[in-house]
Amino acid sequence: MDTSLWKKLEIIAITIRIATTADAPRLAAICASYVTGTAITMECTPPTAKEFLRRIQTTLQRYPYLVAVDDQGMIQGYAYASAYSFRTAYDWAAEVSVYVAQDAIAHGIGRRLYQALEAALRQQHVVSLGACITADNARSIRFHERDGYTQHALFPYFAYKLDQWWDVLWLTKVLTPGNTAPQPFVPFAEIKR
């Protein structure tokens with residue numbers, strides 16, 4: 001039997017939990033692999049563990065910040081939500097992001113993270129999600145489309161990295177459709193867990 005094929009098909013046992021400040025070094029390492037040499041993120045300098053510590057603390061006041069941990073205790077990915085805009089009328093819209101360790105891609109980790117993230121956002125009464133994706137990132141586009149996201153905008157020449165211009169797509173997903181007034185937005189820090 002071709003063990004390399006089996007390894008690709010193997011399902012990794014994952015637990016999803018809320019990120020802690022102790023997770024910052026591992027999240028910085030996962031992020032760095034995308035910052036250096038790819039246009040998957042438009043960060044140009046890898047954020048430090050100290051910066052990730054700040055991001056975790058700040059994000060968790062208002063939105064979920066989740067990590068996927070394997071059965072060996074190693075973080076294999078993370079996902080978080082952030083404000084689309086800080087104007088009050090946009091409280092029910094959130095931008096979402098997910099990153100999976102390069103050697104753990106295609107094991108369903110990103111999907112599990114997004115499922116947990118969406119469940120938390122529903123508790124907060126968030127209605128709509130947006131994902132900003134580099135137009136050349138076919139894997140991420142397919143991932144989001146399989147999860148129910150639809151492309152709604154193309155921004156040409158919107159980012160400059162790696163000595164070239166990049167187009168950026170905006171994909172959205174409606175979590176709770178309806179035409180009535182939404183329930184009040186609940187900050188993540190106030191959700192009973």
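At-a-glance table
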quantity: Top positive-direction residue, dipole computed over region 68-176 with Cβ charges, set Y78, G148, A135; calculated: G148
quantity: Dimensions in Å of region 111-168 - Rg and Dmax from alpha carbons; calculated: 13.7, 42
quantity: Fully extended contour minus Cα-Cα distance, from H152 to Y90, at 0.36 nm per residue; calculated: 20.6 nm
quantity: Max mean-square fluctuation residue, GNM over the chain, Cα-Cα springs under 10 Å, options R139, R55, R122; calculated: R139
quantity: Quotient of Cα Rg and 2.2 N^0.38 Å for the chain, N being how many residues it contains; calculated: 1.04
quantity: Estimated dipole of region 18-100 in Debye, rounded to 20 [Cβ of Lys and Arg +1, of Asp and Glu -1, Cα centre]; calculated: 260 debye
quantity: Placed amide H near F158: partners under 5 Å, 5+ positions off or other chain; calculated: W166, D167, V168
quantity: Computed magnitude of the charge dipole of the chain (debye, nearest 20; Cβ of K, R +1, Cβ of D, E -1); calculated: 420 debye
quantity: For region 133-139, Karplus couplings with θ = phi - 60° (6.51, -1.76, 1.60), whole Hz, Gly/Pro x; calculated: 10, 4, 4, 7, 8, 4, 4
quantity: Segments 64-71, 45-52 sorted - mean Cβ within 10 Å per residue, highest first; calculated: 64-71, 45-52
quantity: Surface share of carbon and sulfur [accessible, 1.4 angstrom probe, percent] for the chain; calculated: 56 percent
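The values are calculated or read from the model by the stated rules, or taken from the named source; none is laboratory data. What you see is a predicted model, and the numbers here were worked out from it, not measured in a lab. All Cβ positions, even for glycine, are placed from backbone atoms using ideal geometry, and neighbour counts span all protein chains on display. Areas reflect the complete protein model, heavy atoms only, side chains present, ligands, DNA and RNA absent. Shrake-Rupley method; radii C 1.70, N 1.55, O 1.52, S 1.80 Å.
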